[in-house]
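Below you'll find the structure, written out as structure tokens, and then a few comments.
Values quoted throughout were computed directly from the atomic coordinates according to the rules given, and no laboratory measurement underlies them. A quick note: this is a predicted structure, and the numbers were derived from the prediction, not measured. Cβ atoms come from the backbone with ideal geometry, glycine included; neighbour counts cover every protein chain shown.
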Amino acid sequence: MTRLSAITPSGHVQLGNYLGAVRRWATQGTEQDVYFISDLHGMTTPHNPQRLRSLTREQLAVLLAAGVEPRSVFVQSDLVRELGALTWVLECTCTYGEAARMIQFREKAAGQSSVRLGLLTYPVLMAADILLQGADEVPVGEDQAQHVELARALARRFNGTYGEVFVVPNPVTPPSAARVRDLSDPSRKMAKSAEDSAGVVFVLDPPELVERKVRRAVTDNLGQLRYAPQTQPGLANLLEILAACTGKAPAELADSVGSYAELKNAVAEAVVEELRPIRAATMALLDDPAELDRIRAAGAVRARERSQHRLAAALRLSGIG
Ligand code: ATP
Ligand code: MG
């Protein structure tokens, strides 16, 4: 069974990425799973080349530091030739209407005056990511579910038209992972590409900065220490973060603290302690570029080996290669 997940280097890894995804990849992932840094997806909107390169490296280091199995991890662009070839074949399996119908494309394109063609075709690249690796399961949130449906449709269509090559992937709902909210605006989820990072805790933030961000978190003036996500979303978010770090229930934690300030202190301390070893291990990896390069290269070799026969068959059956 192969499960596939990715993180896009559109910003520094934030606490939500860690508690909601990376930590699970590290604790529940197996050697068959595939985790990659989707740097090619980071080019679908205007990007800075140096920043893309350094964020890719940094995210790779964070994943490894967090304990994700190194043999499962690779950088997407290390397979750019393979993915480019398969993406073309799949673009010629996909219709324009199917791509143009993607809700995420319509939403993201609506806010831009000049839309990169890659933003339209990116779900096909995502299908190539999934199908090339032969993933059985793709854990996704609602925003990506339609893209996995597209990958399923393309796998079926290819298999039916040219011959059985691809595993038809299943979208799975990730185990109710914490949805961490922005500390300064609890109506938004915490995101690494947020324009204002005052309410975003990054995994590599120094402890003092984590403490400051938590202390400034928006709560309410009801003065009621209870777990009420609807009416007290800021407080609920802090309780959920503390719950994710301690393994206790949010409501139980609400009963155990005496004031908002005490809760914030507890959250700051728990987050700092949770992130401390990952931050240290990430720094160590970034300080040892040769070691990071070695792990990266080995991951790429393994990802290429895992996919080679499928790519060769797809090219041959579609009349090329
Ligand atoms: P972007 O702003 O670029 O969309 P992001 O922070 O939303 O960045 P993604 O690359 O979209 O991060 O997602 C990487 C992984 O982190 C996914 O599995 C996603 O579900 C998870 N994730 C992202 N944000 C949160 C959050 N606030 N709480 C829990 N999980 C999250
Ligand atoms: Mg996102």
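Summary of computed values
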quantity: Ellipsoid semi-axes in whole angstrom, largest first, where each is sqrt(5λ) of the Cα gyration tensor of segment 1-73; calculated: 22, 12, 10
quantity: Tensor-based shape of segment 207-283 (alpha-carbon gyration tensor, a/c under 1.5 rounded, otherwise prolate or oblate); calculated: prolate
quantity: Exposure proxy order (Cβ contacts within 10 Å, fewest to most) of M283, M126, M1; calculated: M1, M283, M126
quantity: Relative contact order %, the chain, counting alpha carbon pairs below 8 Å whose residues are six or more apart; calculated: 22
quantity: D (Stokes-Einstein, µm²/s), Kirkwood Cα radius, the chain, 1.002 mPa s at 20 °C; calculated: 103
quantity: Local net charge near T2, Cβ-Cβ under 14 Å (Lys/Arg +1, Asp/Glu -1); calculated: -2
quantity: Ranking of K248, K192 by count of other Cβ atoms within 10 Å, fewest first; calculated: K248, K192
quantity: E305-M1 FRET efficiency (beta carbon distance; Förster radius 22 Å; 0.05 resolution); calculated: 0.75
quantity: Projected-area mean, segment 136-203, by convex hull of Cα positions, square nanometres; calculated: 6.2
quantity: Among P206, P139, P169: highest mean-square fluctuation, GNM of the chain, C-alpha pairs under 10 Å; calculated: P206
quantity: Theoretical gain in end-to-end length, T30 to A312 [0.36 nm per residue, Cα-Cα removed]; calculated: 98.9 nm
quantity: Sites W88 and A251 - FRET efficiency at Förster radius 45 Å, r taken between beta-carbons, to 0.05; calculated: 0.30
quantity: FRET efficiency, R157 to Q112 (Cβ-Cβ, R0 41 Å, nearest 0.05); calculated: 0.85
quantity: Rounded to 5, percent antiparallel among DSSP beta bridges of the chain; calculated: 15
quantity: Kyte-Doolittle mean at least 1.6, axial Cα span of 15 Å or more - DSSP H helices of the chain; calculated: none
